[in-house]
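The values are calculated or read from the model by the stated rules, or taken from the named source; none is laboratory data. What you see is a predicted model; the values in this text were computed from it and never measured. A quick note on method: Cβ atoms are made from the backbone with ideal geometry, for glycine too, and the neighbour counts reach across all protein chains shown. We work out accessible area using only protein heavy atoms, side chains counted, and drop any ligands, DNA or RNA first. Shrake-Rupley method; radii C 1.70, N 1.55, O 1.52, S 1.80 Å.
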Amino acid sequence: MHLRDLLIRIAETYDPKAGTASGVSAQDLLREVEGMFDLPLPHGFVASGYGGKGSASSTPWIGVFGKAINTQAQEGLYLAYIFDATLASVTLTLQQGVTKLSDEYPKLGDRLKELKRRARRLRAGIEPELALHWAHTPAFRSKLERPRAYEAASVAARRYEIASMPEEEVLAGDLLVASLLLRDAAAGHRVWLQQPTENEPIVYEGESHLPADDPLDGFRPNDSSDYYVHIKGGRRRRERRHEELIKDFGLHVVTCGYQPITQGMYPRDLVLRRPAVERQRSWLVEGKTVKRGNATQAVREAVGQLYEYSYYWHEKRSEPKPHLVALFTEDIGHYAEYLEERGIASIWRTEGGGWAGSPTAVSWDLAAAA
């Protein structure tokens with residue numbers, strides 16, 4: 001069955017008063033979705049239909065899951081075709097899982113607020129031109145808790161009227177784009193969503209945990225104001241520019257075909273992998289804030305830490321030493337050549353919000369030529 005025919009048929013036959021038992025036409029159809037092999041699913045994706053358990057849902061839906069990203073709807077990110085309660089429209093939405101979040105936020109108002117906050121952060125990582133075309137705010141025309149949570153959890157969405165459903169080719173093209181949005185949002189999710197909650201202090205237990213710059217791992221950047229970390233012997237002030245640099249660059253590299261990794265990489269700022277091109281080697285990224293235009297100190301610190309982390313790379317990994325990348329908040333001038341001669345690629349943020357870099361960085365498709 002074609003996707004277009006499936007969506008129209010569900011809208012025409014679904015009856016929430018009919019229950020979920022076998023023999024209920026629309027419910028049977030939803031259960032059959034998992035075994036449909038002619039749907040235009042992107043490579044690596046699977047689909048399942050949901051009409052409720054016990055009692056029928058007021059807003060039936062079809063989940064589309066990237067197997068390498070997430071295969072459940074309780075948490076994480078996925079795509080969904082969600083019908084509104086009147087069955088007059090269906091919305092393709094990039095969704096956050098809402099079920100497990102209820103344990104952390106038992107009150108509906110708090111839960112909706114948190115879902116909207118997370119959606120804004122994830123939406124910020126989507127390519128602006130695409131985000132413009134996927135800016136629909138879902139309204140599922142139900143006052144029930146679950147549909148309201150779906151509305152708040154939507155990161156990006158596109159709505160289709162059942163009476164004027166697009167052709168199959170259009171729906172397939174939209175689903176492919178949505179799968180790319182899901183990939184980018186999932187990368188952003190990995191970069192920051194696993195971090196502690198806002199205003200939670202960061203505690204370092206020993207002097208061995210005092211690198212020159214605090215890594216992103218274990219911290220969620222929220223704004224550009226300063227914050228304090230509690231360390232043995234007192235409190236020290238840190239700037240958020242470093243965390244914003246790592247977060248923004250991590251989202252950028254996904255569009256270049258890389259996977260950004262922070263979890264488990266402490267005290268390293270960021271590790272990149274590119275399985276489709278080079279399976280056995282990683283890119284080690286050290287981010288530095290250039291303060292008051294003084295690139296000298298930032299470059300010195302980057303060189304020292306990259307060499308140190310690279311030297312000890314073999315202790316826990318049976319793979320070649322990583323490529324080295326020094327990342328900066330602004331142009332470092334002639335130091336780019338200095339770093340190139342030492343086997344370190346350099347990348348910096350441009351005034352327009354892009355990324356420029358040294359010849360090696362350009363050859364890796366991580367930055368534009370300076």
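Order the peptides 245-256, 298-309 from the highest to the lowest mean number of other Cβ atoms within 10 Å of their residues.
Numbers: 245-256: 21.4, 298-309: 18.9.
Output ranking for 245-256, 298-309: 245-256, 298-309.
Multiplying the sequence separation of ALA131 and LEU108 by 0.36 nm and subtracting their Cα-Cα distance, what value in nm do you get? Don't skip to the answer; put the middle values down first.
Numbers: separation 23, 0.36 × 23 = 8.28 nm, distance 2.73 nm.
Result for the pair: 5.6 nm of gain on full extension.
Hey, rough spin-label estimate for ASP28 and ALA88, points 7 angstrom out along Cα→Cβ, what's it come to in nanometres?
Placing both labels 7 Å beyond Cα along the Cβ direction yields 3.0 nm.
What number, in percent, do you get for the relative contact order of region 72-191 if the mean sequence gap of Cα pairs under 8 Å and at least 6 apart is divided by its residue count?
Values: 173 pairs, mean separation 39.9, N = 120.
Taking the mean separation of contacting Cα pairs over the length of region 72-191, I get 33 percent.
Classify region 313-370 as rounded, prolate or oblate from the Cα gyration tensor: take a ≥ b ≥ c as the square roots of its eigenvalues, call it rounded if a/c is under 1.5, otherwise prolate when a/b beats b/c and oblate if not. Intermediate results must be reported in sequence, preceding the final value.
Numbers: a/c = 2.35, a/b = 1.94, b/c = 1.21.
Prolate, because a/c is 1.5 or more and a/b exceeds b/c.
Apply the a/c threshold of 1.5 to the C-alpha gyration tensor of region 14-130 and tell me whether it is rounded, prolate or oblate. The partial results should precede the final answer.
Details: a/c = 1.89, a/b = 1.28, b/c = 1.47.
Taking the square roots of the gyration eigenvalues as a ≥ b ≥ c, region 14-130 is oblate.
Sorting THR93, THR86, THR296 by accessible area (1.4 Å probe), largest first, what list results? Working shown, then result.
Values: THR93 0, THR86 75, THR296 40 Å².
Highest to lowest solvent-accessible surface, that is THR86, THR296, THR93.
Please give the contour-minus-distance gain from GLU145 to ARG159: 0.36 nm per residue of separation, less the Cα-Cα distance, rounded to one decimal in nm.
On the way: separation 14, 0.36 × 14 = 5.04 nm, distance 2.08 nm.
Full-extension gain reported as 3.0 nm.
Once you have a ≥ b ≥ c as the square roots of the Cα gyration tensor eigenvalues for region 88-175, tell me rounded if a/c is under 1.5, and otherwise prolate or oblate according to whether a/b is larger than b/c.
Here region 88-175 falls in the oblate category.
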